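Engineer: The structure is given below, and queries will be raised subsequently.
Rule-based calculations on the coordinates, nothing more; no lab input. Just so it is clear, the structure is predicted and the values come from calculations on it, not from any experiment. Because the Cβ atoms are built from the backbone with ideal geometry, glycine has one as well, and the counts that use them run over all protein chains shown.
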């Protein structure tokens with residue numbers, strides 16, 4: 001009966017009023033149509049959660065997507081000295097990249113016949129890029145302790161290895177830190193934090209801070225030519241890894 005009365009009521013009204021009533025009734029029955037349309041279910045600038053979508057192989061923090069490899073994964077043509085402690089691979093504008101960090105451990109010094117206690121130890125870093133079907137070495141870092149008769153420390157700092165693209169040029173930066181010293185006691189160790197980008201090298205040098213309950217402060221000196229974005233990142237990582245907690 002209500003339906004019949006409604007139909008009779010509307011049929012007796014002018015056409016313009018009927019159209020207005022129809023539009024009001026339609027909007028009431030679909031209250032969220034525009035809101036739903038704009039709520040966002042994935043656009044070219046974002047995902048379904050509203051997070052920005054970045055270029056392939058790179059996160060929003062400027063980090064290149066990289067993989068950790070085992071020694072068995074290395075191509076036969078890759079040569080190195082020492083024992084690999086970390087192998088990283090990634091892809092950027094240069095193509096396929098490999099980074100090897102190796103340590104030799106201690107071995108007899110050249111003067112060990114005269115000084116039997118003297119030993120050497122070395123650290124090596126190799127950056128390879130694949131050119132066609134061949135791997136080309138584009139950067140090498142070699143550092144060492146020579147003729148040390150006491151305790152030798154030559155080691156890469158655990159966790160201090162980063163593959164990034166801080167300047168957004170599509171070419172990755174590889175940043176790592178290591179310690180090396182010859183000491184007979186608890187001393188500040190020499191520390192270096194190095195960034196490689198293609199064939200360029202940027203270095204922060206200094207010594208560790210030793211914390212034995214009471215801190216023995218270390219030192220830090222960076223090169224003047226380090227680009228600002230790189231310097232900020234490198235100093236941040238230095239501060240994160242400079243302290244040795246010995247208590």
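Engineer: Which semi-axes, in whole Å and largest first, does the equivalent ellipsoid of the stretch 140-247 have when worked out from the alpha carbon gyration tensor as the square roots of 5 times its eigenvalues?
Structural biologist: Semi-axes from the Cα gyration tensor: 27, 16, 11 Å.
Engineer: May I ask you to list the residues of the stretch 197-211 whose amide nitrogen lies under 17 Å from a point 7 Å from Cα along the Cα→beta-carbon direction of residue 140?
Structural biologist: 199-201
Engineer: Ok, one more. Subtracting the Cα-Cα distance from 0.36 nm times the residue separation, let me have the gained length for residue 83 to residue 203 in nm, one decimal.
Structural biologist: Fully extending the segment from residue 83 to residue 203 adds 40.8 nm.
Engineer: Output the antiparallel fraction of DSSP beta bridges having both residues in the stretch 66-245, as a percent to the nearest 5. Could the numbers behind the result be given before it?
Structural biologist: On the way: 67 of 70 bridges.
That works out to approximately 95 percent antiparallel.
Engineer: How large is the Kirkwood hydrodynamic radius of the stretch 66-245, in angstrom, based on all distinct alpha carbon pairs?
Structural biologist: 17.5 Å
Engineer: Hey, another quick one. Between residue 236 and residue 108, take the C-beta separation as r, use R0 = 51 Å, and let me know the FRET efficiency to the nearest 0.05.
Structural biologist: Result of the calculation: an efficiency of 0.80.
Engineer: Here is a further query. If R₀ is 25 angstrom, what is the calculated FRET efficiency for the pair residue 187 and residue 68, using the beta carbon separation as r and rounding to 0.05?
Structural biologist: Here the calculated transfer efficiency is 0.20.
Engineer: Label residue 131 and residue 225 with points 7 Å out from Cα along Cα→Cβ: what is the distance between them in nm?
Structural biologist: It works out to 2.2 nm between the two label points.
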